[in-house]
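Working notes, structure below.
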Amino acid sequence: MRTDRTQVGIVGAGPAGLTLARLLELEGVETVVLEDRSRDYVEHRIRAGVLEQRSADLLVDAGVGARLQREGIVHRGIELQFDGERHRIPLSELTGGRTIVIYGQTEVVKDLIAARLESGLPLLFEVEDVSVHELDSARPTIRFRRDGAEVALVCDMIAGCDGFHGVCRPSIPSGVLSSFSREYPFGWLGILAEVAPSSDELVYVHHERGFALLSLRSPQLSRLYLQCAPDENLDEWPDDRVWAELQQRAGMEGWTLAEGPILEKGVTGMRSFVVEPMQYGRLFLAGDAAHIVPATGAKGLNLAIADVRLLAEALTSWYRTGSETLLDAYSANCLRRVWRAEHFSWWMTSMLHRLPGGDPFDLKLQLSQLRYVVTSHVAAASLAENYVGLEL
Ligand SMILES: Cc1cc2nc3c(=O)[nH]c(=O)nc-3n(C[C@H](O)[C@H](O)[C@H](O)COP(=O)(O)OP(=O)(O)OC[C@H]3O[C@@H](n4cnc5c(N)ncnc54)[C@H](O)[C@@H]3O)c2cc1C
């Protein structure tokens with residue numbers, strides 16, 4: 001087995017791992033990023049698309065935001081639709097001018113990969129059999145195979161940025177982590193369609209047939225979702241049926257949803273999940289490796305970026321001064337934001353989805369809550385503050 005050496009070994013080249021690598025590069029900290037998928041796969045995995053202003057600012061400040069600034073679409077509000085009417089929540093007006101930016105996660109990842117490769121720094125795709133060892137020692141090690149060769153990468157610290165299904169979290173000895181979770185009895189059927197968005201802002205639809213969301217990725221690409229069963233069979237959803245259902249749920253008098261070729265179709269389950277603490281020895285978890293939110297609040301990608309901002313600061317401080325104060329505080333500092341986002345995402349999800357079983361009392365509560373949010377300045381401001389991202 002060959003032995004290599006780096007300062008911070010990063011497992012996973014999703015938004016968390018790539019952003020962390022970039023932030024550490026700017027601070028002169030050496031990293032190796034390991035990814036078990038191909039570059040093409042990672043760059044085309046359709047996922048999130050809403051950046052809080054703070055996330056967008058971080059990417060710009062890190063020198064990877066030029067295209068984001070050119071192509072990202074700034075939104076200053078969202079719409080809530082229920083009882084056949086739309087109501088605008090003016091996010092910026094309610095939050096002292098803050099905004100969200102529509103820019104696909106695929107594009108964030110492409111920009112970060114391009115910058116990493118331009119810097120000539122190690123980013124290894126299609127590595128196999130990744131495992132992490134000696135986590136509570138001063139020399140934690142990542143083992144993997146690449147082009148048939150076995151490698152032991154000896155690190156000072158390991159960042160587990162390998163998503164919900166990665167290897168880092170399960171490598172922490174049992175009894176160390178507490179986990180908290182909730183499964184929702186529904187999922188989202190999402191499509192990417194080659195058609196200009198029919199609405200200027202995101203529209204969250206509460207409907208008796210189920211939730212729908214009208215979103216976008218660019219002026220030419222619509223991203224649209226339908227509430228479905230968590231194990232919905234896509235074979236039963238030919239394109240015509242998807243469009244008919246979207247028209248039924250989102251249609252309004254005098255307004256129709258423009259249709260176009262469907263480029264991608266998939267089903268995503270809805271889950272809330274958190275582990276505490278987000279650290280064991282010299283392994284630090286970040287992003288989906290440590291927590292999952294249902295997508296309704298658009299928080300997953302933003303939480304991943306917020307985690308690694310703190311992790312980069314803590315690691316940099318440790319290398320500069322030898323102080324472990326920020327590293328020790330990393331988990332607690334992240335978890336404050338994580339739990340706020342968990343609550344907000346659960347709240348949005350519970351308010352907007354048709355609850356299986358169809359209890360009429362629940363339905364009346366949802367409609368009352370929606371009516372309150374769109375008529376009370378305080379309630380709307382609370383939604384807006386959470387949606388654009390809290391300063392924590
Ligand atoms: C299908 C889907 C749709 C989503 N849609 C939305 C949305 O609309 N809005 C929203 O806000 N959020 C959404 N999310 C959530 C959001 O995309 C995530 O929160 C975000 O990707 C988290 O980034 P991450 O870097 O922590 O994890 P990931 O993006 O999961 O990255 C982890 C990386 O680690 C790699 N990896 C895994 N195991 C290993 C291993 N053993 N060795 C090496 N590498 C490994 C993976 O291939 C991946 O590249 C969605 C998530 C999914 C799964």
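The values are calculated or read from the model by the stated rules, or taken from the named source; none is laboratory data. Please read all numbers here as calculations on a predicted model, not as lab measurements. Note that we place each Cβ from the backbone using ideal geometry, even for glycine, and neighbour counts take in every protein chain shown. Just so you know, the surface numbers come from the protein's heavy atoms only, side chains and all, with ligands and any DNA or RNA stripped out. Shrake-Rupley method; radii C 1.70, N 1.55, O 1.52, S 1.80 Å.
Compute the acute angle (0 to 90°) between the alpha-carbon long axis of helix 360-375 and the principal axis of greatest extent of the alpha-carbon atoms of the chain; round to the nearest 10°.
Long axis of 360-375 versus the principal axis of the chain: about 80 degrees.
Between 0 and 90 degrees, rounded to the nearest ten: what's the tilt of helix 377-388 against the longest Cα principal axis of the chain?
It works out to around 40 degrees.
Can you run the Rg to Rh ratio on region 25-140? Use alpha carbon positions and the Kirkwood inverse-distance Rh.
1.10
State in Å² the accessible area per residue of the chain; use a 1.4 Å probe, count heavy atoms of protein chains only, and round to the nearest integer. Could you put the intermediate results ahead of the total?
Details: 16770 Å² over 392 residues.
On a per-residue basis, 43 Å².
Kindly write out, for region 347-359 in residue order, the coupling ³J(HN,Hα) from the Karplus curve 6.51 cos²θ - 1.76 cosθ + 1.60 (θ = phi - 60°), rounded to whole Hz, with x marking Gly and Pro.
The phi angles translate into 5, 4, 5, 5, 6, 9, 8, 6, 8, x, x, x, 5 Hz.
What's the whole-number percent of alpha carbon pairs in region 286-392 lying beyond 15 angstrom?
On the way: 3893 of 5671 pairs.
Considering region 286-392, 69 percent of its Cα-Cα pairs are separated by more than 15 Å.
Given R₀ = 41 Å, FRET efficiency for S119-R336 by Cβ-Cβ distance, to 0.05?
Details: r = 33 Å, r/R0 = 0.79.
Efficiency, rounded to the nearest 0.05: 0.80.
Have a look at Y204, Y103, Y41 and tell me which one the Gaussian network model of the chain (Cα, springs below 10 Å) gives the largest fluctuation.
Y41
Which percent of Cα-Cα pairs in region 143-226 sits in each 10 Å bin, short to long?
Taking every Cα pair in region 143-226, the percentages come to 13, 25, 19, 23, 18, 2.
May I ask what percent, to the nearest 5, of DSSP beta bridges between residues of the chain are antiparallel? Each step should come with its number before you reach the end.
Numbers: 55 of 75 bridges.
Looking only at bridges with both residues in the chain, the antiparallel portion is about 75 percent.
Between L26 and D200, 0.36 nm times their residue separation minus their Cα-Cα distance comes to what? Walk me through the numbers before you get to the answer.
Values: separation 174, 0.36 × 174 = 62.64 nm, distance 3.66 nm.
Value of the extension gain: 59.0 nm.
Hey, what's the Cα Rg ratio for region 92-154 versus the globular rule of thumb, 2.2 N^0.38 Å? Could you put the intermediate results ahead of the total?
Numbers: Rg = 19.0 Å, N = 63, 2.2 N^0.38 = 10.6 Å.
Dividing the Cα Rg of region 92-154 by 2.2 N^0.38 Å gives 1.79.
Starting from the 7 Å offset along Cα-to-Cβ, what nm value, one decimal, do you get for the label separation of S376 and D40?
5.3 nm
Counting Lys and Arg as +1 and Asp and Glu as -1, what is the net charge of the other residues whose Cβ lies under 10 Å from the Cβ of G389? List each step's numbers first, then the result.
Values: positive: R54, R98, K299, R337, R340; negative: E52, E385, E391.
Residues near G389 contribute +2 overall.
Spin-label point model (7 Å from Cα, Cβ direction): what's the N233 to L367 distance in nm?
About 3.4 nm separates the two model spin labels.
Relative contact order of region 216-320, please, whole-number percent, based on alpha carbon pairs below 8 angstrom and at least 6 residues apart. Can you show the working numbers first?
Details: 64 pairs, mean separation 18.3, N = 105.
It rounds to 17 percent for region 216-320.
Please report the accessible area of C155 (heavy atoms, 1.4 Å probe, ligands and nucleic acids excluded) in Å², nearest 10.
About 0 Å², ignoring ligands and nucleic acids.
Pop out the carbon and sulfur fraction of the accessible area of region 1-118 as a percent, whole number, probe 1.4 Å. Before the final figure, lay out each step's value.
On the way: 2040 of 4800 Å².
Carbon and sulfur atoms account for 43 percent of the accessible area of region 1-118.
Of the listed peptides 2-14, 256-268, what is their order by residue-averaged count of other C-beta atoms within 10 Å, with the highest listed first?
On the way: 2-14: 20.9, 256-268: 14.5.
Ranking the peptides 2-14, 256-268 by packing returns 2-14, 256-268.
Quick one: net charge of P219's neighbours, Cβ under 12 Å, K/R +1, D/E -1?
Working: positive: R217; negative: E71, E194, D200.
Local charge sum for P219: -2.
Which residue fluctuates the most in the chain, going by a Gaussian network model with Cα springs under 10 Å, if the choices are H353, H44, H206?
Highest fluctuation among the options: H44.
Roll a 1.4 angstrom probe over the protein heavy atoms and tell me the percent of accessible area of region 286-392 that is carbon or sulfur. Before the final figure, lay out each step's value.
Numbers: 2650 of 4500 Å².
In region 286-392, the share of accessible area belonging to carbon and sulfur is 59 percent.
Taking Cα centroids, how far is region 214-248 from region 318-340 in Å?
40 Å
Among the lysines, which have Cα under 28 Å from the Cα of K364 when same-chain residues fewer than 8 positions away are ignored?
Excluding near neighbours in sequence, the set is K299.
What net charge is computed for the residues neighbouring H207, neighbours being all others with C-beta under 13 Å from the C-beta of H207, Lys and Arg scored +1, Asp and Glu -1? Could the numbers behind the result be given before it?
Working: positive: R86, R209, R249, R354; negative: D83, E85, E208, E245.
Net local charge, H207 excluded: 0.
Only helical DSSP H runs with n ≥ 4 go in: add -39500 (n - 2.57) per run for the chain, normalise by residue count and round the 222 nm mean residue ellipticity to 500 deg cm²/dmol. Intermediate values should be presented prior to the final figure.
On the way: 11 runs with 140 residues, N = 392.
For the chain, the value works out to -11500 deg cm²/dmol.
What number, in nm² with one decimal, is the all-direction average of the projected area of the convex hull of the alpha-carbon atoms of the chain? Provide the component values of the computation, followed by the final result.
On the way: hull surface 79.9 nm².
Orientation-averaged projected area of the Cα hull: 20.0 nm².
Grab the Cα-Cα distance for A138 and R54, subtract it from 0.36 nm times how many residues apart they are, and report the gain in nm with one decimal.
Numbers: separation 84, 0.36 × 84 = 30.24 nm, distance 3.37 nm.
The span from A138 to R54 would gain 26.9 nm if fully extended.
With a Förster radius of 35 Å, plug the Cβ-Cβ distance of R5 and S174 into 1/(1 + (r/R0)^6) and report the FRET value to the nearest 0.05. All intermediate terms of the calculation are to be shown ahead of the outcome.
Working: r = 30 Å, r/R0 = 0.86.
Given R0 = 35 Å and the Cβ-Cβ separation, E is 0.70.
Only Cα pairs under 8 Å and at least 6 apart count here; give the relative contact order of the chain as a rounded whole percent. Numbers along the way, then the final one.
Details: 797 pairs, mean separation 78.9, N = 392.
Once normalised by length, the contact order is 20 percent.
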